[in-house]
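The values are calculated or read from the model by the stated rules, or taken from the named source; none is laboratory data. This one's a predicted model, so the numbers in the text were calculated from it and none came from an experiment. Counting neighbours? That spans all protein chains shown, and the Cβs are built from the backbone with ideal geometry, glycine included. For the accessible areas, the whole protein counts, side chains as well, though only heavy atoms, and no ligand, DNA or RNA atoms are used. Shrake-Rupley method; radii C 1.70, N 1.55, O 1.52, S 1.80 Å.
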Amino acid sequence: MSADTPESDTKLNEAEAREQLIDLAADIYDQFERGDIPQMSLPTRTKSNIVFDEDSGVWVYGDRTSTRSANSVRGARKLLKAAYTVEFLAQQLDEDRSSTLRELYYLSESWDSDEAGFSDQDESNQLVEDLEIVSGVTREDFHMRPEESGATLMGPLELREQTRRGERDIHCQEDVGEGGYQIPNNPDTIEFLDHDIDFVLAVETGGMRDRLIENGFDTDYNCLVVHLKGQPARATRRITKRLHDELDLPVVVFTDGDPWSYRIYGSVAYGSIKSAHLSEYLATPEAEYVGIRPQDIVDYDLPTDPLADSDVNALESELEDPRFQTDFWEEQIELQLDIGKKAEQQALAAQGLDFVTDTYLPDRLGDMGVI
Amino acid sequence: MTSFQSQLGEDQGIADELAEGQREISIAEFFEKNKHMLGFDSGARGLVTAVKEAVDNALDACEEAGIRPDIYVEIREVGDYYRLIVEDNGPGITKEQLPKVFGKLLYGSRFHAREQNRGQQGIGISAAVLYSQLTSGKPAKITSRPKGEADAQYFELIIDTDSNEPEIKAERTTSWDRSHGTRIEVEMEANMRARQQLHDYVKHTAVVNPHARLELREPGLDEPLKFERGTDQLPAETKEIRPHPHGVELGTLIKMLEATESYSVSGFLQEEFTRVGKKTADKVIDNFRDRHFGRELGWSADEDAVEAAVAEAVSNKGADATDFFASEVASTLGSRERTSHHELVEVVDNVADAAEGEFDTRFGGTVRDNAVEAAWATMTAYDEEVDEDELTGDLYGLVDEATSTRKDDAVVAGMAERLARRFAAGDERVRATHAGVRALVDEAADDTEEFDDATFGDTARENVVEALWSRMVTVPDDAPKVRETAAERDTASELLESMRETDILAPPTDCLAPITDELVEAGLRKEFDADFYAAATRDAEVHGGDPFIVEAGIAYGGELEEGGQVDLLRFANRVPLVYQRGACATTDVVKRIGWRNYGLDQPGGSGMPNGPAVIMIHVASTNVPFTSESKDALANIPAIEDEIELAVREAARELKSYLNKRRSMQKRREKQDVLGRILPEMADKVAEVTGRERPNIEGAMARIMNNVGVERERDGDTVRLIVENHSDRTEEPDVTDIVSAEPTDVPEEATVVDLDGEWFVKWNPSVPGGEEAVLEYTVAGDAEFDVNVDGIETEKLTVNA
């Protein structure tokens, strides 16, 4: 359990973050003064440039870099946008305010330079990630948040959240409705007070999450159900990691049985390619995969859909992804390519609505040694 | 065509009846009915053609006289007609010639001349006179003042179409303010629908005749169109050349043979043709003899048999002399591989002469003839009945050598035997022309194939023919004389073939006056306001004995029209071709060039390219091949088309590198524009964020632009000029620093010029890519500087000094 006072932590981060940002601007300034062409080096953000870090057990960027240089019109525009964004972020930190990524995109319209405005939101999102990487400060510490987080927790956990209206103590079963506890954008403002949890179960789809809650799986097994809502937001991954690290809880991930869902597991366990610079902060390498496994499709004779071409491509690309180069994954992916089928979590309902809570999960989690 | 052949059994008198209706038609009458052939097919076109003919004549006349042309063209509406006036400052025409020049078709000085001229047939201007008299009924009014005469001569004349002779309606002496020149005034039925073509014609004439001054007035113009001279340099004077042996046709050759004063063909060739001297004439004559007489095949000789035969044939010359003569003839022949009949005659003559000297005996003509006959009979003995054959052995060797080793020996032997039989049956002296040999070999080969069941293909036959022909020797007989050759069509044809067969130097090109690439460019510059000009002049080439030169020019950009196809200007002997663009060889060539390679848009990759460009093509020749008499389009002659393509491509290559450079400059400029906005903003922003002053961005800018930066540093009295080359190649700027006080300690590499209290420090460093050069000198403290840098494109240069 964290003994740090979040109050001072945040303040320190803000000052640090601001300084780091201004250093970036100063760097460009100095390059100008030296008569050099301003440039900014970034790790290449592709799957060929992520390496496994033995110490932390997560995947991080390798040493290949690409350079944004003012030598080209494109590079110069990026640097100009970076300079404007730095100014905006520094000012935001100064005033202790926050904004969303989308707001940044719209805000750029008001900047006094025609060249500095973003052409789409992907561009501004990417720039913020660039700044995270070169400054070593996370987006949350820039006070930038995504538009929607929306992911929820449900289970025997009591926590304290710093809100705008002061501290709130919340029990994630007793103090919340059916929808569960909404994870805030910056989960580092949460303090865990008490819990009865045996393990954390991260679930991909809303349908399956609701089934588990309805069947009382969280109370029956002392399980904290984390709803991933598809590809999990940073806050979801961060809180999952904190639950594992601070409360020493095992984490398991339960998704559909298709290549896109394996990537969801991958980003929870190993970190995503886009945010490999934050893997240490976001990834839970100890997280284990529950299913649906291709083997399940065979064993339980689940209703399936055939693999589409894009599914096959994604599976093949995963075979080359360093994050999936384990015996387990290679075996499962090759089996799936072999049978040419995929199945959703809800396909388990083919054996009855209670099958998942009465049979599938208890058996599987028992095999995995979680219960 | 109606058939005038009378048919048997039908109306007996029909031929007589028809004959009554048949009469000679004059050339003038013919053209009256076939105006279109001369370019007078419509009122609109007739006017343009008339202007064209008159202006072409005027230009030719001026150039011939070495006068810079000054030509005035006026078109006026006169009632229902148009009046055309063309005035030049040429040498004028004498009173005697004038009526014929304007009033007789096919009268001119150029038809027989091999020289580059605008006019060729002597039809043009008189056709204009004819056309005007036919349409308006009015005579042509001509004034001419020959150079050096006090007065001008005035004529009114029409053409008598029956006789093709001028008919003078009025004639008087008059005064004229021009010191020399000619003025023609004709009235014709016409219209100005072809105004554009008329303007094009005059404008394009100005392009290719930058030495001429032209003025055009016509009713649709408020101001006369004036085209001033672009150069004072007249085109190089052309020399008339005699025809080239490769360029004449049989009819022409016979006419020339009939007209020449030479007696021998050799003299005729040297006299009447260009590039023919004694040596070339001899080569032609040898070929001519081969064709006319054929060559003789020689045979080997059996010494003993020949000696016996010759001894037998000589009588009453004494034993010693006879023995000497016979053995000498035999041994001479024996030492030769083969001897033909005329060579044998020569051998016998030589030996007889020697014998006469040795033995004081006369070996007269009869003896010699007998000896030749006896020796020849021995050498070529052939009689199948008595199995006598001296020929087959020699031929076997030849055939065997000429055919491939895979030929069966029996086939070779059979072929040799058949050839021998045919040679024996033929000319006694074994003479044959190349065609004769060919026929003989063919027959023998056919028989060999038929009877020996062997193949004797074309290649083998050809080889045998060549083997025989190369061993046959040209006979010494005198070639036919000019008179005989002229009289006999076949003989003349043999001479023509011999001329064509002989390698002869290409004709000289001083009969041509190309505009030259410089003046092509100057002409384009004068009339088209473009950004880029290129021109190319090819070396002279020959087609059918007539030398020709192709030139091409391209103008691009500037004020030229952006949309649509490029403008193609076509010229032949400096005359613009206005009509029938689609039928012209130049158009075909331009269309088949892939213009995309040269940076011009070309929909579909073929056809006329698009873009703001003018392409001009000029073909100069002593005989420009037109598709018709109206001289509107060049005929598709492959040799000329090839040269046109090469010339256009040569100019187009320059266009391509210009366009490439322009594009990269444009990109650079765009980049410079954008970065020129972005970088200062970036500098301002980082200064704002860091709370410092705006950084100096010149260095970064220069580097980004691959620029050459010129900077000045001052340290007390020491001045340093620094050239930084940020590009990747060596730059050599011309730096001139203008200083208001006298600079001292200037290093040797720079020069200082004092100009009225200003000092020009000139420095021309060579700076490799990525490096810098420094010039350091000393000057008093309060001096002012002004630096000027040349030799580097302004887009690449940043001066901060």
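Being at pLDDT 90 or above, touching a Pro at 6+ places or on another chain (Cβ under 6 Å) and outside the structural domain of A:Lys47 (by TED's automatic domain parsing): is that true of A:Leu337 here?
No, not satisfied.
Among the residues of region A:95-114, what is the count of those that are within 13 Å of another protein chain (Cβ to nearest Cβ) and open to solvent by 50 Å² or more (accessible area, probe 1.4 Å)?
The total comes to 2.
Answer yes or no: is there a residue in region A:271-278 that is assigned by TED's automatic domain parsing to the domain that holds A:Gln332, open to solvent by 10 Å² or more (accessible area, probe 1.4 Å), at pLDDT 90 or above and of a type in the set (Lys, Arg).
Just the residues of region A:271-278 that are assigned by TED's automatic domain parsing to the domain that holds A:Gln332, to begin with: A:271-278.
Next, from what is left, pick out any that are open to solvent by 10 Å² or more (accessible area, probe 1.4 Å): A:272-274, A:277-278.
Adding the requirement that they be at pLDDT 90 or above leaves none.
No, that holds for no residue.
Given (1) part of a helix (DSSP H, G or I); (2) on the phi > 0 side of the Ramachandran plot, where does B:Thr366 come up short, assuming only one miss?
(2) is the only condition that B:Thr366 fails.
Which one of these does B:Ala647 not meet: (1) open to solvent by 40 Å² or more (accessible area, probe 1.4 Å); (2) farther than 26 Å from B:Thr798 by Cβ?
Condition (1) is where B:Ala647 drops out.
Just a yes or no: is a residue in region A:156-177 away from every other protein chain (no Cβ under 14 Å), surrounded by 16 or more Cβ atoms within 10 Å (Cβ to Cβ) and under 26 Å from A:Arg263 (Cβ atoms)?
There is no residue in region A:156-177 that is away from every other protein chain (no Cβ under 14 Å), surrounded by 16 or more Cβ atoms within 10 Å (Cβ to Cβ) and under 26 Å from A:Arg263 (Cβ atoms).
Pairs only if they're at least six apart or on different chains, beta carbon under 8 angstrom, first in region B:26-46 and within 15 Å of B:Val129 (Cα to Cα), second among the charged types (D, E, K, R) and assigned to a helix (DSSP H, G or I); list them, first residue then second.
Between residues of region B:26-46 that are within 15 Å of B:Val129 (Cα to Cα) and residues that are among the charged types (D, E, K, R) and assigned to a helix (DSSP H, G or I), the close pairs are B:Gly39/B:Arg45; B:Gly39/B:Lys52; B:Asp41/B:Lys35; B:Gly46/B:Lys35.
Taking only region A:42-56 into account, find how many residues are open to solvent by 20 Å² or more (accessible area, probe 1.4 Å) and touching a residue at least 40 places away in the same chain (Cβ under 8 Å).
So the count comes out to 8.
Which members of region B:180-197 meet the condition of being at pLDDT below 90 and either open to solvent by less than 70 Å² (accessible area, probe 1.4 Å) or outside the structural domain of B:Asp60 (by the TED database) (or both)? Show your work before the answer.
Residues of region B:180-197 at pLDDT below 90: B:189-197.
Within region B:180-197, B:Ala190, B:Asn191, B:Met192, B:Ala194, B:Gln197 qualify.
Which pairs do you get when a residue that is under 12 Å from B:Leu440 (Cβ atoms) and assigned by the TED database to the domain that holds B:Met415, found in region B:464-476, comes within reach of a residue that is in a helix (DSSP H, G or I) and of a type in the set (A, V, I, L, M, F, W, C), reach meaning Cβ atoms under 6 angstrom, with the pair 6+ apart or on two chains?
Within 6 Å, the pairs are B:Val464/B:Val399; B:Val464/B:Ala402; B:Val464/B:Val441; B:Val465/B:Val437; B:Val465/B:Val441; B:Leu468/B:Val437; B:Trp469/B:Val437.
Of the residues that make up region A:82-94, is at least one within 22 Å of B:Val686 (Cβ to Cβ), open to solvent by 20 Å² or more (accessible area, probe 1.4 Å) and away from every other protein chain (no Cβ under 14 Å)?
no
Would you point out which residue out of B:Pro603, B:Pro508 is in contact with a strand residue (DSSP E or B) (Cβ under 9 Å, 6 or more places away or on another chain), more than 18 Å from B:Leu655 (Cβ to Cβ), free of Cβ contacts under 8 Å to residues at least 24 places away in the same chain and not acidic (Asp, Glu)?
Matching residue, one of B:Pro603, B:Pro508: B:Pro603.
State whether the residues of region B:666-679 include one that is modelled with pLDDT of 85 or more and either touching a Pro at 6+ places or on another chain (Cβ under 6 Å) or of a type in the set (Asp, Glu) (or both).
Within region B:666-679, none of the residues are modelled with pLDDT of 85 or more and either touching a Pro at 6+ places or on another chain (Cβ under 6 Å) or of a type in the set (Asp, Glu) (or both).
Could you look through region A:31-41, keep only residues that are in contact (Cβ under 8 Å) with a residue 12 or more places away in the chain and within 14 Å of chain B (Cβ to nearest Cβ), and pick out the one that is surrounded by the fewest Cβ atoms within 10 Å (Cβ to Cβ)?
Within region A:31-41, the first condition is being in contact (Cβ under 8 Å) with a residue 12 or more places away in the chain, and the residues that meet it are A:37-41.
Next cut, within 14 Å of chain B (Cβ to nearest Cβ) only: A:37-40.
Working: A:Ile37: 23, A:Pro38: 29, A:Gln39: 16, A:Met40: 22.
Top of the filtered list is A:Gln39.
So in region A:118-137, with the set limited to residues that are among the small types (Gly, Ala, Ser) and assigned to a helix (DSSP H, G or I), which one is farthest from the other protein chains (Cβ to nearest Cβ)?
The initial filter retains those residues of region A:118-137 that are among the small types (Gly, Ala, Ser), namely A:119, A:124, A:135-136.
Narrowing further to those that are assigned to a helix (DSSP H, G or I): A:124, A:135.
Numbers: A:Ser124: 16, A:Ser135: 13 Å.
Applying the filter and picking the extreme gives A:Ser124.
Filter region A:295-322 for residues that are within 26 Å of A:Phe52 (Cα to Cα) and open to solvent by less than 20 Å² (accessible area, probe 1.4 Å) and give the result. Walk me through it before giving the result.
Residues of region A:295-322 that are within 26 Å of A:Phe52 (Cα to Cα), as a first pass: A:311-322.
Scanning region A:295-322 gives A:Asp311, A:Ala314, A:Leu315, A:Glu318, A:Asp321.
Being of a type in the set (Phe, Trp, Tyr) and not in a helix (DSSP H, G or I) is the filter; apply it to region A:279-310 and report the residue that is nearest to A:Phe328 (Cα to Cα).
Of everything passing the filter in region A:279-310, A:Tyr289 is nearest to A:Phe328 (Cα to Cα).
In a helix (DSSP H, G or I), out of contact with any strand residue (DSSP E or B) (no Cβ under 9 Å at 6 or more places or on another chain), closer than 16 Å to A:Val253 by Cβ and in the same structural domain as A:Arg293 (by TED's automatic domain parsing): does that describe A:Glu318? Don't jump to the end; show me each part of the working.
Details: in a helix (DSSP H, G or I): yes; out of contact with any strand residue (DSSP E or B) (no Cβ under 9 Å at 6 or more places or on another chain): yes; closer than 16 Å to A:Val253 by Cβ: yes; in the same structural domain as A:Arg293 (by TED's automatic domain parsing): yes.
The answer is yes for A:Glu318.
Return a yes/no flag: does region B:566-577 have any residue that is assigned to a helix (DSSP H, G or I), closer than 20 Å to B:Arg653 by Cα and modelled with pLDDT of 90 or more. Let's see the steps before the verdict.
Going residue by residue through region B:566-577, those that are assigned to a helix (DSSP H, G or I) are none.
The answer is no, given that none of the residues of region B:566-577 is assigned to a helix (DSSP H, G or I), closer than 20 Å to B:Arg653 by Cα and modelled with pLDDT of 90 or more.
Given the options A:Asp354, A:Asp367, name the one that is open to solvent by 20 Å² or more (accessible area, probe 1.4 Å), out of contact with any strand residue (DSSP E or B) (no Cβ under 8 Å at 6 or more places or on another chain), free of Cβ contacts under 8 Å to residues at least 40 places away in the same chain and of a type in the set (D, E, K, R).
The match here is A:Asp367.
In region A:226-233, is there at least one residue being outside any loop (DSSP other than H, G, I, E, B) and surrounded by fewer than 24 Cβ atoms within 10 Å (Cβ to Cβ)?
If we filter region A:226-233 for residues that are outside any loop (DSSP other than H, G, I, E, B), which is where we start, we get A:226-227.
Keeping just the survivors that are surrounded by fewer than 24 Cβ atoms within 10 Å (Cβ to Cβ) gives none.
So far as region A:226-233 goes, no, none of its residues is outside any loop (DSSP other than H, G, I, E, B) and surrounded by fewer than 24 Cβ atoms within 10 Å (Cβ to Cβ).
Quick one: would you say B:Arg418 is over 30 Å from B:Asp320 (Cα atoms) and surrounded by 20 or more Cβ atoms within 10 Å (Cβ to Cβ)?
Answer is yes for this residue.
If I go through region B:119-153 residue by residue, how many of them are at pLDDT below 85, buried (at least 24 other Cβ atoms within 10 Å of the Cβ) and of a type outside the set (A, V, I, L, M)?
Result for region B:119-153: 2.
Looking at region B:316-354 only, could you name the residues that are in contact (Cβ under 8 Å) with a residue 40 or more places away in the chain, assigned to a loop (DSSP other than H, G, I, E, B) and either over 24 Å from B:Thr474 (Cα atoms) or outside the structural domain of B:Gly364 (by the TED database) (or both)?
Listed by number, the residues that qualify are B:Lys317, B:Gly318.
Any residue in region B:271-287 that is at pLDDT 90 or above and either open to solvent by less than 10 Å² (accessible area, probe 1.4 Å) or over 57 Å from the mean Cα position of the chain (by Cα) (or both)?
Checked against the condition, which is being at pLDDT 90 or above and either open to solvent by less than 10 Å² (accessible area, probe 1.4 Å) or over 57 Å from the mean Cα position of the chain (by Cα) (or both), region B:271-287 yields at least one hit.
Scan region B:455-484 for residues that are out of contact with any strand residue (DSSP E or B) (no Cβ under 9 Å at 6 or more places or on another chain), more than 30 Å from B:Thr260 (Cα to Cα) and open to solvent by less than 20 Å² (accessible area, probe 1.4 Å) and report the count.
Number of matching residues: 5.
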